[in-house]
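Since the structure comes first, as structure tokens, the remarks are kept for the end.
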Amino acid sequence: MKRFDCFKSLAAMLGPDDIVVANVGPISREWNALRPSEANLLQVNLGLCAAVGLGIAITLPHRRVVILDGDGNLLLNLASLADMANQGLKNVLHIVLDNETYEGGGGLPSATAGKADLALIAKGAGIENARVVTVLDDFAQAAGDALRSSGHRFIVAKVDKGTVEKLPTLTLDGKEGKYRFARYIERTEGKQILRPRYTHI
Amino acid sequence: MEIEKARIVVDGLKEAGINFTVGLPDSQFHEVYEQILQDPSLKYVGAGNEAEGASIAMGAWFGGKKPALIIATSGLLVATFSLARLHLKEVPLLVLIPYRGDLGDPRWMGIYKQFVEPMLNSMDIPYKIVSRKDEIKQTIADCQICAEAWLKPVAVLVTGEALW
Amino acid sequence: MVNRADLISIFGEMVNDEMLVVTPIGSTTPLWERTGRGPTSLTSVSLGMCTPTALGLALALPHRKVIALDSDGNLILNLCSLGTVGNERPKNLTIIVFDNGNYLSGGPGKGKPGMPTATAGNMDLAAVGRGCGIEKASIVRTEAEFKVAAEKALKEDGPSMIVAKIDPVDVRQTKNFREDRGPGQDTRENKYSFARHIERLENIKILKRGGG
Amino acid sequence: MESQAVDAVLQGLKQSGVDFISLLPDSDFSGLQKKVTGDPSFSYCAVSNEAIGVGVCAGAWLSGKRPALLVPTSGLLVAAWPLTSLCMAWGLPLLLLIPFRGDIGDAFWLMGPYKDTTEPLLGVLHIPHVVVSKTEEVTKAIVDAQGSTISWQRPVAVLLTGETIK
């Protein structure tokens, strides 16, 4: 199963208001190519994708938050799963694109290439709706199920190594991406995030 | 500065993509300024002080140019406020400085040794010191690439064999 | 005397999307943002850097009209920039100086002026401009004079300079500057939006890439 | 922490508009933690390591909350990487509230190294900080730090020491 194909199927299912938090690297590049949107928060650094998604999901419980994580990334802060489970979230679809490899770091195997089973770990952490999919139809069905219901779903998608050729490069750095995302939330939520009046002195 | 080394500095700027220069002269870099003035592809603007120079360079960057600020060691002290505030320090700018007062400088400028590097550090301006002439070009290229990627000023300090 | 806010709204009508405006830190920026052109202008440029920044922009984009909305205190800090403008003689640069004769941002607020600048004494910025080689430099004291001078400056080749003598305080801006934040862009966000604006106008690349 | 200090912290957090708190349960904060979790003016997210806490706070700010991370001196070391890769690289605000173990006067041998790491690390990470040793100064220090972190869009730390953490 190819990650890009999973993303194609997911992108077709998402509404324009669904917030997506994506990991730095090919995950962000592939996702951006298929679903360019201000509702994407891209290039979240190693190990922090789930945590950032968690903060957003708590703050905006009425919005759906989709987290596009990688195996190596999640492993770095595995405890995120336990912290998320304890929040009793109703609006999160957490997808791990598991290629069993530290792809950006030269292709050495990650712990999921050995004995680690992230879905089992997630269940142990308290996320009941956790499953592994290995073929595209199953992925589409699992993601579709998740998006049709509320709750906290966790899908481990076993995907091939490697990425797609000729992806458009990302043109935003983190700071510009921050402004774009915060302005988008301001607009859609009627909140003021940037430049609040500062009158405490 | 020997004309041959000055040529390397100027070629280094051009190879790094620099096409707009602003500055105030330093005697040890005189040959560099002379060659830049003769080269229209390096459009030179002479500023009245280094802080003004940094601002002109910032404007040029917004206009799509790749600017370099070429100033004396003393001028770095004058440009401090401007460099520290260059739109909150986040506009790329190659700052090229003949490092006067470094060990080996035969003149009386030792006073700068105690200010220059601590100041660059406290202003959060990364810098690289180049002391060999065969490393001048690479150093300029490296610093320019990082200035563009990090969106901030990056300094090249020319000293030692590369300068004298 | 005329008011800065009124002159800025008059000028806002004269500017089109093809022109680039640079505004300094202080009350000019929030007033200029009210015209809706904040994100497509370079705003809150720090003390003394407005005119030199506009000069760099004008030299980099010689086919495009660039306007600095400077002020007396800002310009005096880097007065030598007028000399540089006079030597480079960019045809596309107009410097408008809102000259209120005092350091308003450093003042007590509450509708009171700050300490006087040199223009409250003997200094004539238009004469300094002419002395630097900016021949088209004039002083205006009424809205009508401002309008005529600004129209001329935008139409003709420059460099040109308009020194507008304005009220010592801004009528609608009587709060202490510490409270004067709120909507609008900070300088970092403005950097991105202004650079993106020029990328679109000129079809060039300024911000390299996001990487990752 | 004595209850007066806990109240001073709570007051500071509320006055400054903090409405989201993340922390790793830690003995220096146990009294404060109980108050925070029971207080409806804060969204509360417990985390199992401080790196996750930084990420959670980043997400909370980006979507409209005013977060604070309560982090022990040891946890600051754990949080160093996300403070760099998220807060510094993206320019994100974050109020860090740190009970300064290992300050002069803290006689427990295990805390000694934190005198060497805490303030220098904040310096390296370009995180401005204020050290508060008097309970009566806690509230204002928090309000000031929160104002600065929000307008500078970079983390700012308040280090609590002396009588404030007794």
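Simple point charges give the picture: +1 on the Cβ of Lys and Arg, -1 on the Cβ of Asp and Glu, and for chain C a dipole about the Cα centre of about 520 debye. The distance from the alpha carbon centre of segment C:129-149 to that of segment A:8-32 is 55 Å, rounded to a whole number. Measure off 7 Å from each Cα along the Cα-to-Cβ vector at C:Asp157 and A:Ala111, then give the distance between these two points in nanometres to one decimal. Simple spin-label model gives 7.2 nm for this pair. The charge dipole of segment B:3-163, taken about the Cα centre with unit charges on the Cβ atoms of Lys, Arg (+1) and Asp, Glu (-1), comes to about 200 debye, rounded to the nearest 20. Net charge of the neighbourhood of D:Ala68, taken over other residues with C-beta under 12 Å away and scored Lys/Arg +1, Asp/Glu -1, is +2. The phi torsions of segment A:11-18, fed into the Karplus equation with coefficients 6.51, -1.76 and 1.60 and a -60° offset, translate into couplings of 4, 5, 8, 7, x, x, 8, 6 Hz, rounded to whole numbers, with Gly and Pro shown as x.
Note on chain C: GNM, Cα springs under 10 Å; of C:Asp99, C:Asp17, C:Asp157, the largest mean-square fluctuation is that of C:Asp17. For the pair C:Arg200 and B:Trp164, a Förster radius of 60 Å applied to the C-beta separation gives a FRET efficiency near 0.80, rounded to the nearest 0.05. Figure legend: label point modelled 7 angstrom from the Cα of A:Asp138 along Cα→Cβ; residues of segment A:151-167 with amide N under 20 Å from it are A:153-162. Mean projected area of the Cα convex hull of segment C:53-189, taken over all directions, amounts to 9.1 nm².
Here's the picture: charge each Lys and Arg Cβ at +1 and each Asp and Glu Cβ at -1 in segment D:3-165, and of D:Val143, D:Ala5, D:Gly55 the one pushed furthest to the positive end of that dipole is D:Gly55.
Between the alpha-carbon centres of segment D:91-166 and segment C:1-70 there is a gap of 41 Å. With an a/c value of 1.5 or above and a/b not larger than b/c for the gyration tensor axes a ≥ b ≥ c computed over the alpha-carbon atoms, segment B:71-164 is described as oblate. Each of C:Val97, C:Gly109, C:Ile10 was scored by the projection of its Cα onto the charge dipole of segment C:4-202, and the greatest displacement toward the positive side belongs to C:Gly109; charges sit on the C-beta of Lys, Arg, Asp and Glu. For the pair segment B:53-106 and segment A:65-142, the centres of their Cα atoms are 47 angstrom apart. Compare D:Leu110, D:Leu86, D:Leu62 in a GNM of chain D, Cα atoms joined below 10 Å, and give the one with the largest fluctuation. Result for chain D, Cα springs under 10 Å: D:Leu110 fluctuates most.
In chain B, the DSSP beta bridges split such that about 0 percent are antiparallel, to the nearest 5. Relative contact order, whole percent, for chain A stands at 23, derived from Cα pairs under 8 Å and 6 or more residues apart. Which part of segment C:39-72 falls in the paramagnetic zone of C:Asn87, meaning amide N under 19 Å from the point 7 Å along Cα-to-beta-carbon? Counting backbone N atoms under 19 Å from the label point, the list is C:49-60.
Label separation (A:Thr163 vs B:Glu2): 4.6 nm, computed from points 7 Å beyond Cα along the C-beta direction. Computed on chain B, with alpha-carbon pairs under 8 angstrom and 6+ residues apart, the relative contact order is 25 percent. Among the chymotrypsin sites (Phe, Trp or Tyr not before Pro) in segment B:1-53, none is located in a DSSP loop while being surrounded by at most 10 other Cβ atoms within 10 Å of its own Cβ. Pop a pseudo-label 7 angstrom from the Cα along the beta-carbon direction at both C:Glu135 and D:Asp116 and give the gap in nm to one decimal. Reported label-point gap for C:Glu135 and D:Asp116 is 7.2 nm.
Rule-based calculations on the coordinates, nothing more; no lab input. None of these values were measured; they are calculated from a predicted model. Note that we place each Cβ from the backbone using ideal geometry, even for glycine, and neighbour counts take in every protein chain shown.
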